[in-house]
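Beneath this line is the structure, given in structure tokens, with notes to follow.
FYI, it's all coordinate maths here, none of it is from the lab. None of these values were measured; they are calculated from a predicted model. Here Cβ is always computed from backbone atoms with ideal geometry, including for glycine, and neighbour counts include all displayed protein chains.
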Amino acid sequence: MELNAIQKNILKEVAALESIPKGAYNIRANGQLAGRSNSANIEITTKTDLPGIDIRIKPNTKNESVHIPVVLSESGLKETVYNDFYVGDNADVVIVAGCGISNCGGQDSEHDGVHRFFLGKNAKIKYVEKHYGEGDGAGKRILNPVTELTLDEGSSAILEMVQIKGVDSTNRKTVATLKKDASLIVRERLMTHGEQSAFSIYDVALDGENSSADVVSRSVARDNSYQKLDLALKGNAPSKGHTECDSIIMDNGKILAVPSLEANDTDAMLVHEAAIGKIAGEQLIKLMTLGLSEKEAEEAIINGFLK
Amino acid sequence: MLSLKNISFDAEDENGKVSIIKNLSLDIEAQEVTVITGPNGSGKSTLARIIAGIEKPTAGNISFLGEDITDSSITERANMGISFAFQQPVRFKGISVIDLLRIASKKNLGRGEACDYLSEVGLCARDYVDREVNASLSGGELKRIEIATVMARGAKLTIFDEPEAGIDLWSFQNLIGIFQNMRKNIKDSAIMIISHQERILEIADEIVVLNAGEIEKKGRGVLILPKLLKSGQARANCGRAINKEDC
């Protein structure tokens, strides 16, 4: 299946891909397979029971990447896709997902991606997920991603999740369970504008001794948009956990941050930080003394904040 | 270069109106370093903020390079050539040192050039150029980055509000070197420094002493400084008042 110009543009936005990626990949466009490649160590197969794919990464696979972008350019398309990643022991890979919707029509387009990660002992992944929406049709662009991580002993996952533009409604859920010595780092960047709403819910369980999690969400709510950030952390063993919601509100934006910590072990050290506020006046003034207009200063601050 | 005419600034506190600056007139000349000194609360920082456009004077006029800028915005003044180094530099999450230097210089500054500015303020450039200007930087580091930023602007008038505040003694020597260098390369520009430090006052061509919002003394540095030292109004690096008889 050949990708058209709109689809190529979306691909560029969500996966920084100008052309077909090197290594293993699976491109899904408008609910169909648009391209797939396996490598010697990474095998992608279509699920037989549900829509979606299984990605199997062999133990000890190093320095390889998997791209699984999704592109929706038809109005009215609604799909739920289940992608399971089995990452072998000691593997160290980069996984780039991302979904872009271009909806110029009148009907809602929706992609709900359910990603499950099963990390073997001492496996490492860096997972990059970018969401993007465009198109001026009345139809909404809806993305409801679910990310579930099961981290075996000594494994680690770094998640970079970005949704900056154009998605009307999102309800994202990230669930993780960590065994001994496993670690999870999450960096979420979220911006909502117009009448958008975004829910981001985390549920992280530190089950194993010496496991650790660091979840940092930075978000900006502009115009009349609404965000709810719900970060729950459970320390069920001697472990360390840190969550942080750092948000800027502008215009009539609204943000509700609901942090929760649950310590079920005396040696669980859990910390939460939350801050919501408008851009500090001194920051604007500083950049204005460097010659930026107030609007330009605002953009520079937000771009930096969401970088 | 800069001319302040009958500037007054009033603020409100719980007891009502307070006059911070009282009918003050002052000229800042090109090719000179002017140091404004005076006790805490004398209105020095307010004066600097009025010149940068951050505060609006209650009365009076300001002209810069012959143009009336009394009603000009912060941005307009910055683009005309007024630069302002904050006493307490602002931190930014996510904005890196090189980003800030690029905004300041108004060009896509190369890493080499950015590093030159940082080296000049005594920072090991490679370690800092990509650092975020956030809470991970110490007060002294931040202050040097602030100075590098205003240097990158290459403005006609650069105002430093207490550059020594928050800088340790070791860095202070370096800071003096920076100002001596700037003095040497001043060309057609002007530098205004708010400071209490003897070593900075020594660099001054002109010294202005403010007290309670008014100019108490004003004149050539070489003439004014000895009097200030005698009266104990200037301070040594340790922050203690210098009184020659005590030394």
| query | What are the lysines whose alpha-carbon lies under 17 Å from the alpha-carbon of A:LYS130, with same-chain residues fewer than 8 places away excluded? | reply | A:LYS8, A:LYS12, A:LYS165, A:LYS173, A:LYS307
| query | How crowded by other chains is B:91-103, given as the mean number of beta carbons from other chains within 10 Å of each beta carbon? | reply | 5
| task | Kindly rank A:48-61, B:203-216, B:22-35, A:88-101 from highest to lowest mean number of other beta carbons found within 10 Å of each residue. | result | A:88-101, B:203-216, B:22-35, A:48-61
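From Cα pairs below 8 angstrom and at least 6 apart in sequence, can you work out the relative contact order of chain A, rounded to a whole percent? Spell out each step's value before the answer.
On the way: 959 pairs, mean separation 30.9, N = 307.
This gives 10 percent for chain A.
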| message | Let's see if you can work this out: charge +1 on each Lys and Arg Cβ, -1 on each Asp and Glu Cβ, no other charges. What is the dipole magnitude of region B:2-246 about its Cα centre, in debye to the nearest 20? | response | 360 debye
| field | Calculated [θ] (222 nm, deg cm²/dmol) that DSSP helices of n ≥ 4 give over chain A, each run adding -39,500 (n - 2.57) | value | -3000 deg cm²/dmol
| remark: quick note, the protein assembly as shown, DSSP beta bridge pairs, % antiparallel (nearest 5) is 20 percent
| said: For region A:1-142, give me the percentage of DSSP beta bridges that are antiparallel, rounded to the nearest 5 percent. | reply: 20 percent
| remark: Evaluated at 20 °C and 1.002 mPa s, the Stokes-Einstein D of chain A based on the Kirkwood radius over Cα pairs, in µm²/s, stands at 107 µm²/s
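Using the beta-carbon distance between A:ASP89 and B:GLN88 and R0 = 60 Å, what value does 1/(1 + (r/R0)^6) give for FRET efficiency, to the nearest 0.05?
Step by step, r from the Cβ atoms, then E = 0.70.
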| request: Sequence neighbours fewer than 8 away in the same chain don't count; with that in mind, list the lysines whose C-alpha is under 28 Å from B:LYS217. | output: B:LYS5, B:LYS17, B:LYS22, B:LYS44, B:LYS56, B:LYS156, B:LYS184, B:LYS187, B:LYS227, B:LYS230, B:LYS244
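Take the Cα atoms of the protein assembly as shown, build their convex hull, and give its volume per residue in Å³.
Numbers: hull volume 106.8 nm³, N = 554.
In the protein assembly as shown, the Cα hull volume divided by residue count equals 193 Å³.
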| said: If packing is taken as the average number of other Cβ atoms within 10 Å across a peptide's residues, how do A:65-74, A:163-172 rank, most packed first? | reply: A:65-74, A:163-172
| Most fluctuating residue given options B:ARG220, B:ARG199, B:ARG49, as computed from a GNM of chain B linking Cα atoms under 10 Å | B:ARG220
| message | Only Cα pairs within less than 10 Å get springs; with that Gaussian network setup on chain A, which residue of A:LEU292, A:LEU159, A:LEU256 has the largest fluctuation? | response | A:LEU292
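So for region B:2-246: antiparallel DSSP bridges make up what percent, rounded to the nearest 5? The partial results should precede the final answer.
Working: 24 of 42 bridges.
Among the beta bridges of region B:2-246, antiparallel pairing accounts for roughly 55 percent.
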